[in-house]
2 protein chains.
Amino acid sequence: METVVLKFGGSSLADNIKLNIVANKIIDFKNQNNRVVVVVSAQGKTTDNLIKDAKELSQHPNSREMDVLLSTGEQVSISKLSILLNQLGHSAISLTGWQVGIYTNTNHQEAKIETINSKRIEDELSKGNIVIIAGFQGIDESGDITTLGRGGSDTTAVAISAAIKADHCYIFSDVEGVYSTDPNKTIETKKLDKLSYKEMLDLSNEGAKVLHNRCVEIAEKYKVLIETGSTFNSNVGTIIQENMEESTVKSIVKNDDLLLVNIKHKTYTNDIFNNLLTTLLQNGIPFQTLINNSIDSLNLSFTIKSEDLQSLEHIMENDLKIFDFSFTNISRISLVGYGIMNNQEIIQKTLNILNKDNIEIYTYHIDECKLSIIAKEKLSNTILEKLHQELIK
Amino acid sequence: METVVLKFGGSSLADNIKLNIVANKIIDFKNQNNRVVVVVSAQGKTTDNLIKDAKELSQHPNSREMDVLLSTGEQVSISKLSILLNQLGHSAISLTGWQVGIYTNTNHQEAKIETINSKRIEDELSKGNIVIIAGFQGIDESGDITTLGRGGSDTTAVAISAAIKADHCYIFSDVEGVYSTDPNKTIETKKLDKLSYKEMLDLSNEGAKVLHNRCVEIAEKYKVLIETGSTFNSNVGTIIQENMEESTVKSIVKNDDLLLVNIKHKTYTNDIFNNLLTTLLQNGIPFQTLINNSIDSLNLSFTIKSEDLQSLEHIMENDLKIFDFSFTNISRISLVGYGIMNNQEIIQKTLNILNKDNIEIYTYHIDECKLSIIAKEKLSNTILEKLHQELIK
């Protein structure tokens with residue numbers, strides 16, 4: 001008898017027809033003699049609507065109270081799903097975050113799980129119940145409700161899997177699994193059978209929507225075997241588990257909506273440089289790497305998301321008027337696969353492909369599982385196509 | 001410094017405009033140097049909608065899970081109200097039933113409060129917080145969510161008032177208070193300043209909507225001073241407290257939609273009688289008093305609500321075919337006032353009024369605070385008008 005954790009996202013629960021599909025999928029697992037734990041998100045757009053309601057009452061709603069409000073979304077999902085399963089003749093019991101004992105820190109709206117009490121879950125499983133748990137939520141040491149922020153329900157599912165030592169953690173959504181690149185008109189994408197935690201992490205960090213990086217980090221730490229799959233069919237998805245030794249490019253992903261920012265000043269002094277840096281940081285302009293391209297003068301480049309342009313322009317026009325400021329639309333294309341860093345053949349092949357077509361690269365970054373290049377946005381589709389064609393087996 | 005509990009019902013919280021009115025009323029109490037606890041229901045039609053949703057998934061939804069579902073309604077109310085109060089510059093904190101520690105028995109959807117832990121409320125009040133509590137809900141000893149059934153939020157408010165020894169428990173709704181009779185075109189109704197618990201109980205039992213009888217029972221037991229009032233103005237409402245010694249008719253209420261049922265059989269034997277009674281009881285036909293009007297034959301009368309007619313007809317036609325069965329539309333008119341039973345003048349006056357106009361009375365019932373008469377439904381308005389005109393001072 002295996003213990004499985006099944007996680008269903010909001011769009012898989014959006015209406016009664018979908019709830020019935022989910023319930024039947026759960027019953028299939030139960031009928032195959034599994035001990036079944038289910039983790040669910042809020043239905044459809046519930047969370048977005050609750051946030052909208054709160055913003056109508058206050059521009060900056062109190063964080064503690066937001067968590068009380070938002071956590072109702074998953075509580076509605078667990079009770080409805082449990083009502084339906086009982087109606088279909090399978091005894092099911094719902095548990096909220098606090099009823100399970102999912103203890104977090106007090107960082108409202110972005111809480112981190114500290115410990116999970118598995119007793120109530122184990123008790124209900126031994127009674128033969130299907131256990132339906134509210135994702136995304138927990139409780140802090142003073143008994144206040146917390147929520148986990150983005151990717152919260154995935155994180156709950158993997159953390160519960162670790163706590164009860166589940167054999168399998170299935171993350172169901174609208175898509176079957178992880179692909180060799182994002183859905184694309186001109187490229188024949190390929191579904192990946194297996195990925196290592198590190199590869200999945202790199203893909204999540206590059207924006208792959210299938211799994212959130214927080215849940216992959218926990219999965220890696222506790223060696224939770226994750227399998228992604230579609231709620232709406234029974235095809236095999238992608239398995240994420242410990243490192244495979246093969247060294248290949250598994251997936252190529254592209255991030256558009258980026259800007260390469262350039263800031264110049266004719267002289268470079270520590271004062272001028274510090275003033276610039278402090279002002280950018282204090283105003284929350286997020287950049288990871290900042291490169292000075294000159295020695296005598298100041299000539300800085302860094303990448304931001306297009307959505308941060310407005311704030312940056314505001315700062316440059318008001319607080320940093322002495323600097324010259326410009327930007328270019330760029331894309332980051334990332335090749336993800338275990339061992340890329342030590343696979344000279346892949347690196348060489350990539351550079352050759354780009355060279356052959358005279359594609360200009362702004363930056364190039366490599367680490368264990370990932371090779372990222374930054375180029376002009378308008379070239380990104382061509383680059384992705386060529387690399388996918390040559391490097392994905 | 002007084003401690004006050006303010007209760008607001010669902011229609012007082014139905015939209016953002018009303019939430020703002022409620023918030024400002026709460027702030028008024030806070031500004032008058034009170035320690036303020038607020039108890040709220042679910043917004044508007046939320047509970048009805050959740051019940052509808054559940055019924056679409058299951059004709060008889062699992063009771064435990066219904067409580068998980070329904071309790072979200074009040075949780076949304078407390079967080080929204082708390083977000084709004086914080087936005088308006090007043091520190092407020094929301095608490096669910098389980099966060100307060102409102103312990104109930106396990107009777108899901110109809111749970112009874114057993115104890116209330118006042119510690120968290122007291123702690124938050126000493127910090128100067130306005131404490132916003134979810135009505136209608138509690139937690140049982142195994143940590144499961146329960147709901148209190150009809151009148152649940154009123155009951156929460158009065159029980160919390162008893163637990164924290166509040167000086168005043170205000171129940172706000174759409175109406176200011178209790179009136180000498182229900183709103184009526186032809187009678188000039190009078191708002192009552194004061195009522196005893198017993199009088200209020202009799203009025204609630206006769207269907208007065210202002211307060212539910214469960215909350216009045218708790219209020220009487222713990223001597224909680226209740227004041228009703230309108231959410232939407234600041235007029236003085238009706239105060240409900242310990243017995244006043246005055247003996248007058250305070251209010252006259254009318255219950256239509258009743259049927260006087262008559263069941264006959266030419267012979268009376270214990271077998272026939274027991275068979276009839278058992279069948280009626282087993283099928284859940286609710287009657288309080290059953291009168292046999294004959295000695296030799298069986299000639300039973302009792303009162304039911306019109307809504308129960310269909311089930312009764314079904315039983316009579318299928319299981320009790322040997323009996324003759326008929327019914328008449330009737331009304332019960334009740335005079336409520338402390339000491340009515342011992343006030344011969346009131347009783348005599350009532351009977352004279354009815355006599356004068358040859359109004360035929362089916363039954364007449366008197367107890368400490370109430371005199372009820374049953375008459376043909378079509379006469380009920382006339383009776384109510386005449387009695388109100390002569391007996392209400």
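All of the numbers you see were taken from the coordinates with simple rules; none came from a lab. Model, not experiment: these values are computed from the prediction. Here Cβ is always computed from backbone atoms with ideal geometry, including for glycine, and neighbour counts include all displayed protein chains.
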Once amide H atoms are built 1.01 Å from N in the peptide plane, which residues 5 or more positions from residue B:258, or in another chain, come under 5 Å H to H?
B:306, B:330
Tell me, for the rotation carrying A onto B, which chain A residue has the beta-carbon closest to the axis and what that distance is in whole Å.
A:72, 2
For residue A:268, the residues 5 or more places away or on another chain with a placed amide H closer than 5 Å to its own amide H are A:298
Just grab the label-to-label distance for residue A:248 and residue A:287, each label 7 Å out from Cα along the Cβ direction, in nm (one decimal).
3.9 nm
At what distance in angstrom do the alpha carbon centres of segment B:45-124 and segment B:173-203 lie from each other?
30 Å
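Below 8 Å, C-alpha to C-alpha, sequence gap of six or more: please give me the relative contact order for segment B:162-236 in percent. Before the final figure, lay out the partial values.
Values: 87 pairs, mean separation 36.5, N = 75.
Over segment B:162-236, the number comes to 49 percent.
Going by the alpha-carbon gyration tensor, a ≥ b ≥ c the square roots of its eigenvalues, is segment B:35-133 rounded (a/c under 1.5) or, if a/c is not under 1.5, prolate (a/b greater than b/c) versus oblate?
Taking the square roots of the gyration eigenvalues as a ≥ b ≥ c, segment B:35-133 is oblate.
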Chain B, Gaussian network, Cα under 10 Å: of B:259, B:195, B:280, the residue fluctuating most is B:280
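Which FRET efficiency value, to the nearest 0.05, is calculated for residue B:324 and residue B:126 with the Förster distance at 56 angstrom and r the Cβ-Cβ distance? Please report the intermediate quantities before stating the final value.
Numbers: r = 69 Å, r/R0 = 1.23.
In this case the efficiency is close to 0.20.
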Helix-only [θ]222 nm of the protein assembly as shown, DSSP H runs n ≥ 4, -39500 (n - 2.57) each, per residue, nearest 500:
-11500 deg cm²/dmol
How far is residue A:270 from itself in the other copies, in nm, if each label sits 7 Å out from Cα along the Cα-Cβ line, shortest first?
11.0
So how long is each side of the protein assembly as shown along the principal axes, counting just the alpha-carbon atoms, biggest first, in Å?
112, 62, 41
Using 0.36 nm per residue, how much length does the chain from residue B:365 to residue B:222 gain when fully extended, once their Cα-Cα distance is taken away?
48.6 nm
Order these by the 10 Å Cβ neighbour count, fewest first: A:4, B:5.
A:4, B:5
Expressed as a whole number, the average count of other chain Cβ atoms within 10 Å around the Cβ atoms of B:48-61 is 4
Restricting to Cα pairs below 8 Å that are 6+ residues apart, what does the relative contact order work out to for segment B:3-244? Please round to a whole percent.
20 percent
Residues of segment B:211-247 with amide nitrogen under 20 Å from the 7 Å Cα-to-Cβ point of residue B:15?
B:231-233
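Take every residue in peptide A:120-133, count the Cβ atoms of other chains within 10 Å of its Cβ, and give the average of those counts.
Values: counts 2, 0, 0, 1, 0, 0, 0, 0, 0, 0, 0, 0, 2, 0.
Average neighbour count from other chains, rounded to a whole number: 0.
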Mean-square fluctuation maximum in Gaussian network of chain B, Cα pairs under 10 Å, restricted to B:357, B:167, B:144, hits B:357
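I'd like to verify something in chain A: which complete DSSP H helices, judged by Cα projection on the helix axis, reach 15 Å or more and average at least -1.0 on the Kyte-Doolittle scale? Mind showing how you got there, number by number?
Values: long enough: A:16-31 (22 Å, 0.09); A:46-57 (17 Å, -0.78); A:63-87 (37 Å, 0.15); A:152-163 (16 Å, 0.75); A:270-282 (17 Å, 0.28); A:344-356 (18 Å, -0.38); A:380-391 (16 Å, -0.56).
What comes out of the filter, once short or polar helices are dropped, is A:16-31, A:46-57, A:63-87, A:152-163, A:270-282, A:344-356, A:380-391.
Averaging over every viewing direction, what projected area does the convex hull of the Cα atoms of segment A:285-393 cover, in nm²?
Values: hull surface 34.3 nm².
Mean shadow area of the hull around the Cα atoms is 8.6 nm².
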Charge dipole of chain B built from unit charges on the beta carbon (Lys, Arg +1; Asp, Glu -1), centred at mean Cα; most positive-end Cα among B:318, B:233, B:126 is B:233
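Can you bin segment A:3-243 into rounded, prolate or oblate? Criterion: square roots of the alpha carbon gyration tensor eigenvalues sorted a ≥ b ≥ c, rounded for a/c under 1.5, prolate for a/b above b/c, oblate for the rest. All intermediate terms of the calculation are to be shown ahead of the outcome.
Numbers: a/c = 1.36, a/b = 1.14, b/c = 1.20.
Rounded, because the longest to shortest axis ratio a/c is under 1.5.
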Distance from a point 7 Å along Cα→Cβ of residue A:56 to each backbone N in segment B:27-61: keep the residues under 19 Å and list them by number.
B:41-50
What are the label-to-label distances in nm, one decimal and shortest first, from residue B:355 to the same spot in the other copies, with labels 7 Å along Cα to Cβ?
12.1
Output row for residue B:205: copy-to-copy label distances, label 7 Å along Cα→C-beta, ascending, in nanometres, one decimal, is 7.2
Taking R0 as 41 Å, what FRET efficiency do you get between residue B:256 and residue B:110 from their Cβ-Cβ distance, rounded to the nearest 0.05?
0.95
Return the single residue from B:35, B:214, B:64 with maximal mean-square fluctuation; model: Gaussian network over chain B, springs between Cα atoms under 10 Å.
B:64
